[in-house]
Amino acid sequence: MAALATALVVALSLLGAPVSAAPGRISAEWPAATVERGARVAVTGVATGLDADATVQLQQRVLGGWRTVKQRPLDSEGGFRVRIPTWWVGERSYRVAASEPGSTALRATTAEWAVRVTPAYRPPGAADQHKYSLSSPTRWNPCQVIGYRVNARQARRGWKKDVRKAFNKVARATGYRFAYRGRSSRVPQSGTNDWFPRDTDIVIAWAKPSQSSLLRKYPGAAGVGAALSTSGWFNGDGSSTYRIKRGMVVIDSRMRRPGGFGKGVTRGDVLLHEIGHTLGLTHVPSDRQIMHAYLTRRKAQLGKGDLRGMEKRGAGLGCLTQTPPTSARGRRLAPGADRLFTSD
């Protein structure tokens, strides 16, 4: 009788033991490690050991971990094809991960894969030819759309095309997403500019020096770029940072520049330079960069230094948050401490 009871207990113990799911597996075939901006490339592969309705995610490595940028269901045979984002330039790493419905746990991941997305043109200069207005980390939140408005009352014809093209060039260098919100009747000043509409992060205005304290601060400047940043924000790895929350560009309307981005001292040149200041970049000695202190007669395009400077504080770092991760080791900054930085 005792032997029978022991056998019964053992049997019940075996039946009650949790059964762990068999691990899933993903095999993937990645494209070339260097691709040109805008190229249509994808990662393809097969996932096994997963439910039929499982999904795969393309994840990008950011500060503190991984961020899902795309998600796709598996096909009937467990295969997948996911496009790699190539609309912005720079170096970054990806992986493919798989999960099943109702679960946030990853069942399988591929090895990390690095890619370098290059511009469609040959940028001049050297990658180290960039400099920031502030030494402490200061950047926009790439996980929010950056809205901008334009006061074009004193601008010449063609301003809208040039402004949009300038922001497109900056978007391709940073991974930021910009959106035109319409016109504005206001002119940025050297104060806090609390009048900014809620959907607007950057205002560009053509004005006379008598209309803006920013222009009066730099007599003779073709334009002035400025940004207001605030503390109390964190990167994904727990380090503290400043978030740029407001950008300002004022262009001297008395200085008539030809439109476009071709050779010569153009309106496109001025726009790219001043928008660069709203990203935290400051002047460099090299006249091969758009952030050179003086306008040149070169074609208005971002140089290697401009591109590298924008990339290092762009979308590749991941989202910003006001709540530090549980593993945060960064020093908490006083929330709401603002600072303004300007440059001509």
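Rule-based calculations on the coordinates, nothing more; no lab input. Everything numeric here is computed off the predicted structure, so don't read it as measured data. Cβ sites come from the backbone with ideal geometry, for glycine too, and all protein chains shown count toward neighbours.
Would you please classify the overall shape of the stretch 25-118 from the alpha carbon gyration tensor, given that a ≥ b ≥ c denote the square roots of the eigenvalues, rounded means a/c under 1.5, and beyond that prolate means a/b larger than b/c while oblate covers the rest? Mind dumping the intermediate values first?
Numbers: a/c = 2.27, a/b = 1.62, b/c = 1.40.
Prolate, because a/c is 1.5 or more and a/b exceeds b/c.
Given points 7 Å out from each Cα along the Cα-Cβ axis, report the residue 104 to residue 25 separation in nanometres with one decimal.
Distance between label points: 3.0 nm.
Can you tell me the relative contact order of the chain? Whole percent, Cα pairs under 8 Å, sequence separation 6 or more.
For the chain, the relative contact order is 19 percent.
Can you list the residues, at least 5 places off or on another chain, whose amide H is less than 5 Å from the amide H of residue 141, using H built in the peptide plane?
HN-HN under 5 Å from residue 141: 244.
Return 255, 248, 310 ranked ascending by Cβ neighbour count within 10 Å, so the fewest neighbours appear first.
On the way: 255 15, 248 26, 310 29.
In increasing order of surrounding Cβ atoms, one gets 255, 248, 310.
What aspartates and glutamates sit close enough to residue 161 to cross-link, taking a C-alpha to C-alpha distance under 15 Å and skipping anything fewer than 8 places away on the same chain?
The qualifying aspartates and glutamates are 269.
For the stretch 208-344, what is Rg from Cα atoms divided by 2.2 N^0.38 Å, rounded to two decimals? Please report the intermediate quantities before stating the final value.
On the way: Rg = 17.2 Å, N = 137, 2.2 N^0.38 = 14.3 Å.
It is 1.20.
Which order do 233, 66 fall in if you start with the one that has the fewest other Cβ atoms within 10 Å?
66, 233
Highest GNM mean-square fluctuation, the chain, Cα pairs closer than 10 Å: which of 111, 227, 127?
Fluctuation is largest for 111.
Over the stretch 79-177, what is the mean sequence separation of C-alpha contacts under 8 Å (at least six apart), divided by residue count, expressed as relative contact order in percent?
Numbers: 70 pairs, mean separation 30.7, N = 99.
Once divided by the residue count of the stretch 79-177, the mean separation gives 31 percent.
Based on DSSP H runs of at least 4 residues, each adding -39500 (n - 2.57), what is the mean residue ellipticity at 222 nm of the chain after dividing by all its residues, to the nearest 500 deg cm²/dmol?
-5000 deg cm²/dmol
If I take R0 = 51 Å and measure r between the Cβ atoms of residue 144 and residue 77 in this structure, what FRET efficiency does the formula 1/(1 + (r/R0)^6) give, to the nearest 0.05? Walk me through the intermediate numbers first.
Values: r = 38 Å, r/R0 = 0.75.
That pair, residue 144 with residue 77, gives E of 0.85.
Treating the beta-carbon of each Lys and Arg as +1 and of each Asp and Glu as -1, no other charges, what is the dipole magnitude of the stretch 131-248 about its Cα centre, to the nearest 20 debye?
Numbers: 23 positive and 5 negative charges, 137 e Å.
In total the dipole reaches around 660 debye.
Against the 2.2 N^0.38 Å scaling, with N counting residues, where does the chain land? I'd like the Cα-based Rg ratio to two decimal places.
On the way: Rg = 25.6 Å, N = 344, 2.2 N^0.38 = 20.2 Å.
So the chain has a normalised radius of gyration of 1.26.
Computed FRET efficiency, Cβ-Cβ of residue 296 and residue 192, R0 41 Å: what is it to the nearest 0.05?
Values: r = 33 Å, r/R0 = 0.81.
For residue 296 and residue 192, the calculated efficiency is 0.75.
I need 323, 230, 296 ordered by Cβ neighbour count within 10 Å, fewest first.
Numbers: 323 8, 230 18, 296 15.
Result, fewest neighbours first: 323, 296, 230.
I want to check the label-to-label distance for residue 91 and residue 41. Put each point 7 Å from Cα in the C-beta direction and report it in nm to one decimal.
1.5
Taking H placed 1.01 Å from N in the peptide plane, check which residues at least 5 places from residue 178 or on another chain put their amide H under 5 Å from its amide H.
The list, which skips near neighbours in sequence, is 146.
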